[in-house]
Amino acid sequence: MVDLESEVPPLPPRYRFRDLLLGDQGWQNDDRVQVEFYMNENTFKERLKLFFIKNQRSSLRIRLFNFSLKLLSCLLYIIRVLLENPSQGNEWSHIFWVNRSLPLWGLQVSVALISLFETILLGYLSYKGNIWEQILRIPFILEIINAVPFIISIFWPSLRNLFVPVFLNCWLAKHALENMINDLHRAIQRTQSAMFNQVLILISTLLCLIFTCICGIQHLERIGKKLNLFDSLYFCIVTFSTVGFGDVTPETWSSKLFVVAMICVALVVLPIQFEQLAYLWMERQKSGGNYSRHRAQTEKHVVLCVSSLKIDLLMDFLNEFYAHPRLQDYYVVILCPTEMDVQVRRVLQIPMWSQRVIYLQGSALKDQDLLRAKMDDAEACFILSSRCEVDRTSSDHQTILRAWAVKDFAPNCPLYVQILKPENKFHIKFADHVVCEEEFKYAMLALNCICPATSTLITLLVHTSRGQEGQQSPEQWQKMYGRCSGNEVYHIVLEESTFFAEYEGKSFTYASFHAHKKFGVCLIGVRREDNKNILLNPGPRCIMNATDICFYINITKEENSAFKNQDQQKKSNVSRSFYHGPSRLPVHSIIASMGTVAIDLQDTSCRSTSGPTLSLPTEGSKEIRRPSIAPVLEVADTSSIQTCDLLSDQSEDETTPDEEISSNLEYAKGYPPYSPYIGSSPTFCHLLHEKVPFCCLRLDKSCQHNYYEDAKAYGFKNKLIIVAAETAGNGLYNFIVPLRAYYRPKKELNPIVLLLDNPLDDLLRCGVTFAANMVVVDKESTMSAEEDYMADAKTIVNVQTLFRLFSSLSIITELTHPANMRFMQFRAKDCYSLALSKLEKKEREKGSNLAFMFRLPFAAGRVFSISMLDTLLYQSFVKDYMISITRLLLGLDTTPGSGFLCSMKITEDDLWIRTYARLYQKLCSSTGDVPIGIYRTESQKLTTSESREIASQSQISISVEEWEDTKDCKEQGHHRSNHRNSTSSDQSDHPLLRRKSMQWARRLSRKGPKHSGKTAEKITQQRLNLYRRSERQELAELVNNRMKHLGLSTAGYDEMNDHQSTLSYILINPSPDTRLELNDVVYLIRPDPLAYLPNNEPSRKNSICNTTGQDSREETQL
């Protein structure tokens, strides 16, 4: 192989190190030539052109000097007129000859020479081959008229007093001013610069017209009235203003002709200038102008970047943003690439918004538009995606580019970004706050199947409300529901708080219970000073520190609350300082823990010795109930916390050997081995030991591993959860994980069926007749509707079809627009829904942000709109913790030591607790759970006669022939059933119903007089009921025939069981004295069971054993 080093020649002497340090002394003998490169041609003309035209600074100076010369020439003309004595006589020679002193003549000649030389030089430099184009230009002709006579007078002294119209230099000054402004804004080509330029041109044109008219009239009237400059000025102002007093008028025909000519010029020139000014003004109104730098530095503003601005989006943002008192002085600058909508323009003209909102038409990808919005001085930038587009991925791409552009232009500006697809999150990880729509949507849909109405709970928590909604309603549930909807999440430092300062050094559950009992606030989480993570209900072992930040739910924040001391608390403390009965607790702990409790404790001798745990009652405990509730400890007793109760999966212990043998699915607990997208939070959940083949995932097709073709054949022990979606996107990962969370018992895991198309046959095959919930996801293909609100049309009609065919099915869906929730489970003649519609309109007129909250489907958690969570992004500007808390509640994020949201159902065995405060104490003292609200279902109380007709039609299902034979017993049974439902059938208490019954009686008496009025009314009700029953029977027959055709069993189809006479609603953080009712579902934040593992236990990541679960059943008994 050839040695490469030998082929490299040695360096010449001039490149040696000594020469590099001391300099090369032999460069004179070198043959190299130094070459200079020029950006332009190195000729004399190009150098002059570079100095006079191309270079911005030098050309600006030249034009400024030229402008000064023209003003100086006009000033010299005025001086000459003022120094001249008015001559006597009316000879025409006074028009052509004037008296000009020698010094004044010398100055005017000098100015003329300089001006003419500059004009010729600039004409030479701008010459492009056509000499006549340069000569016939109006500025060049005016320059020749004003300069050449003075230069000729140098050689012919007799022409020194020749009249020269030097005042025409004002037009040359105007031309120089235009060029100077153009040079000034050559690099700043913005709409407002053109506007300023046009206004300046208009003003200068007016001044030139007036100055020309003044000087022309004054000179031509030298042979007439001999007007001075002031009289000429007076005449011109009166004439151009169309006032025309007539006290000063021109006398000579030449001056009159001059006035006519000037008026004609003004009528031609000024309209053109005004038209251009109006056009620029309209363009500026469309683009929105700009936000000045001075305002940006002295005022606070935020920027809202959207691709298209709709009125609903704008009003949601403004109402939520300005709901906070400390944001009243902020300005909102909207940056949108489209022209302002008519409705948006109408709203922004309202005085309340016109002084706060500034609309700019522009793109976030242009630095010029970002500079107009003063993005670098903004307090925050909100970037929202357009969810109405068919291609949501394309919408996310636009959002990503906007976020990158803003971050590049203003690195220090906080970013609040809304993204649609979860797989695009990792592109904007640099943003301060990110809300992914599909993540939150699917998580709320999943939790709605476990904890009913979770979507309503989250929506009410993230909305700013006054808590005054529904207070004027006659319905009691609307008053309670509206008052509790005003609860929000707030934060405060423990040592600065009146609510929680006294609980320093005590357990979290102790502080939560006693703060709720004393102040009515619900403490749900803390954040340590040395930790950025928020911990929801860290459990009884968490000791409160003075520097902890407490997160609590209340109607208003503590800073806006007034406290009143009650002397009765001291008396109650003394009377309850003794605790009788056997106990393992120290006496001082008992006294301290009961110091502020207002619950009457009974004898605790029968208290369970198993410690403060929420254990299931034995068979004998149903007859002998517990007479008291254990106190909440200040400091958790480690010996009383049984980790087996918290971690063991009772579903495994309760299964029989036969069930274990018949169970084909074996679960393990661990992390999913694959993540569908970058940025998904790892969640500890139930997993299969072995991966299921892809062929077995098709429920409607058999394969070599099984021969099942419908859900019934699989023999699932739990009811199904069916998800009807258009495509199986990555967002479904956030739907499956909460349903397979590690803290859910195995026997409560519901099978999940993904239905990508929902014809009737597929619905029946996938087991819709015995499904627990049917989740209908918004269809992306309908987003391209011409009318925005029609984007939900397909979803609404599909859900209505399901509701009519399967009235007992629990349907949960998501819509694009909240206004369309009124069409869910639509009944045209439902007067109760009409009454709720009127209530919604009244609340909207009062300025409520939650006017839609009284709609029964929303209150029951059957429907929600993801656009409601836009307020979550807006609230994070004031409450930077809201996104983190919401993600923890929904299970999107899992933090070690943080609790999770679950629910329990109040049964008959739990009604001895009586009140919400006693339930709070029971949960805190036994399992460490923190309740945050109640989901209550009650009978629908109808107040109108038409509503009673509809209710009676739904309850009575007998024929007319059977009614006459069993009239008495049916009336008694119907009266008892109505009495249970709080609706009386006594018509004497309701004049409207009695009047209507009399009308029916008269009408029937004409046809058949053998029936009485009451009998005729019953028959009419039965006839209407028969018609309604026939329609339902027709639908039931259709479904039954289809199931028989498909070979499916019809045993599970119950066509008559519906929930039309019930309503459900949520009470967030109800008052302590709220009575518990049967079938109430209580929302709980349960502590992390893995936090109770001993230190020698394996870590969460390495543990896949089956003993790390926790019983979180909804029917937990107390």
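The values are calculated or read from the model by the stated rules, or taken from the named source; none is laboratory data. Because the structure is predicted, anything quoted here is derived from the model rather than measured. Methodologically, a virtual Cβ is constructed for each residue, glycine included, from the backbone with ideal geometry; neighbour enumeration extends over all protein chains shown. Areas reflect the complete protein model, heavy atoms only, side chains present, ligands, DNA and RNA absent. Shrake-Rupley method; radii C 1.70, N 1.55, O 1.52, S 1.80 Å.
Taking the stretch 878-897 as the search range and keeping residues that are over 18 Å from Gly679 (Cβ atoms) and touching a His at 6+ places or on another chain (Cβ under 8 Å), which one is surrounded by the most Cβ atoms within 10 Å (Cβ to Cβ)? Only one residue tops the list, namely Lys879.
For the stretch 66-83, filtering for residues that are more than 14 Å from Gln108 (Cβ to Cβ), in contact (Cβ under 8 Å) with a residue 12 or more places away in the chain and surrounded by fewer than 16 Cβ atoms within 10 Å (Cβ to Cβ) leaves 1.
All conditions but one from (1) in contact with a Phe, Trp or Tyr (Cβ under 9 Å, 6 or more places away or on another chain); (2) within 30 Å of Met315 (Cα to Cα) apply to Phe803; the one that does not is (2). Condition (residue is within 25 Å of Val462 (Cβ to Cβ), of a type in the set (Phe, Trp, Tyr) and out of contact with any Lys or Arg (no Cβ under 7 Å at 6 or more places or on another chain)) applied to the stretch 397-407: is it met by at least one residue? For the stretch 397-407, residues within 25 Å of Val462 (Cβ to Cβ), of a type in the set (Phe, Trp, Tyr) and out of contact with any Lys or Arg (no Cβ under 7 Å at 6 or more places or on another chain): absent. When Asp649 is tested against (1) of a type outside the set (Val, Ile, Thr); (2) at pLDDT below 75; (3) in contact with a His (Cβ under 9 Å, 6 or more places away or on another chain), just one condition goes unmet, and that condition is (3). Filtering the stretch 419-434 to residues that are touching a Ser or Thr at 6+ places or on another chain (Cβ under 8 Å) and open to solvent by 10 Å² or more (accessible area, probe 1.4 Å) leaves Lys421, Asn424, His433. Scanning the stretch 128-155 for residues that are over 13 Å from Trp105 (Cα atoms), surrounded by 10 or more Cβ atoms within 10 Å (Cβ to Cβ) and of a type in the set (A, V, I, L, M, F, W, C) yields Ile131, Ile135, Leu136, Ile138, Phe140, Ile141, Leu142, Ile144, Ile145, Val148. Restricting attention to the stretch 680-691, does a residue exist that is open to solvent by 30 Å² or more (accessible area, probe 1.4 Å) and of a type in the set (Phe, Trp, Tyr)? No, the stretch 680-691 contains no residue that is open to solvent by 30 Å² or more (accessible area, probe 1.4 Å) and of a type in the set (Phe, Trp, Tyr). Note on the stretch 389-434: residues that are outside any helix (DSSP H, G or I), closer than 22 Å to Asp377 by Cβ and not β-branched (Val, Ile, Thr) amount to 11. Among the conditions (1) among the polar types (S, T, N, Q); (2) at pLDDT below 80; (3) outside any helix (DSSP H, G or I), the only one that Thr894 does not satisfy is (2).
Scanning the stretch 1044-1062 for residues that are under 45 Å from the mean Cα position of the chain (by Cα) and modelled with pLDDT of 75 or more returns a single hit, Thr1062.
Hey, any hits in the stretch 513-524 for a residue that's small (Gly, Ala, Ser), touching a residue at least 12 places away in the same chain (Cβ under 8 Å), touching a Gly at 6+ places or on another chain (Cβ under 7 Å) and open to solvent by 10 Å² or more (accessible area, probe 1.4 Å)? No - not one qualifying residue is present in the stretch 513-524.
Filtered by the rule that a residue be open to solvent by less than 60 Å² (accessible area, probe 1.4 Å) and over 22 Å from Ser876 (Cα atoms), the stretch 375-402 gives Cys388, Glu389, Arg392, Thr393, Ser394, Ser395.
Among the residues of the stretch 755-766, none qualifies, meaning not one is open to solvent by 10 Å² or more (accessible area, probe 1.4 Å) and touching a Ser or Thr at 6+ places or on another chain (Cβ under 6 Å).
The set of residues in the stretch 227-244 that are open to solvent by 60 Å² or more (accessible area, probe 1.4 Å) and either more than 21 Å from Val81 (Cβ to Cβ) or not in a helix (DSSP H, G or I) (or both) comprises Asn228, Thr242, Val243.
Whenever a residue of the stretch 923-942 is within 27 Å of Asp830 (Cα to Cα) and at pLDDT 90 or above, its partners that are open to solvent by 20 Å² or more (accessible area, probe 1.4 Å) and not aliphatic (A, V, I, L, M), lying with C-beta atoms within less than 7 angstrom and at least six residues away or across chains, give the pairs Tyr935/Pro452; Arg936/Glu1077; Thr937/Thr1062; Thr937/Asn1079. Restricting Thr212, Thr242, Thr205, Thr191 to residues that are farther than 30 Å from Ala373 by Cα and modelled with pLDDT under 85 narrows the list to Thr242.
Conditions (1) in contact with an Asp or Glu (Cβ under 7 Å, 6 or more places away or on another chain); (2) assigned to a helix (DSSP H, G or I); (3) surrounded by fewer than 20 Cβ atoms within 10 Å (Cβ to Cβ), marked per residue:
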residue: Ala793; (1), (2), (3): no, yes, yes
residue: Val797; (1), (2), (3): no, yes, yes
residue: Ser808; (1), (2), (3): yes, no, yes
residue: Phe826; (1), (2), (3): no, no, yes
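Of Pro337, Pro351, all but one fail to be within 30 Å of Ser867 (Cβ to Cβ) and open to solvent by 70 Å² or more (accessible area, probe 1.4 Å); the exception is Pro351. Residues that are over 22 Å from Leu802 (Cβ atoms) and open to solvent by 60 Å² or more (accessible area, probe 1.4 Å) within the stretch 715-731 comprise just one, Lys717. If you check Leu839, Leu869 for being closer than 23 Å to Ile524 by Cα, in a helix (DSSP H, G or I), at pLDDT below 90 and not hydroxyl-bearing (Ser, Thr, Tyr), only one passes: Leu869.
Tallying residues that are at pLDDT 85 or above and on the phi > 0 side of the Ramachandran plot within the stretch 215-230 yields 0.
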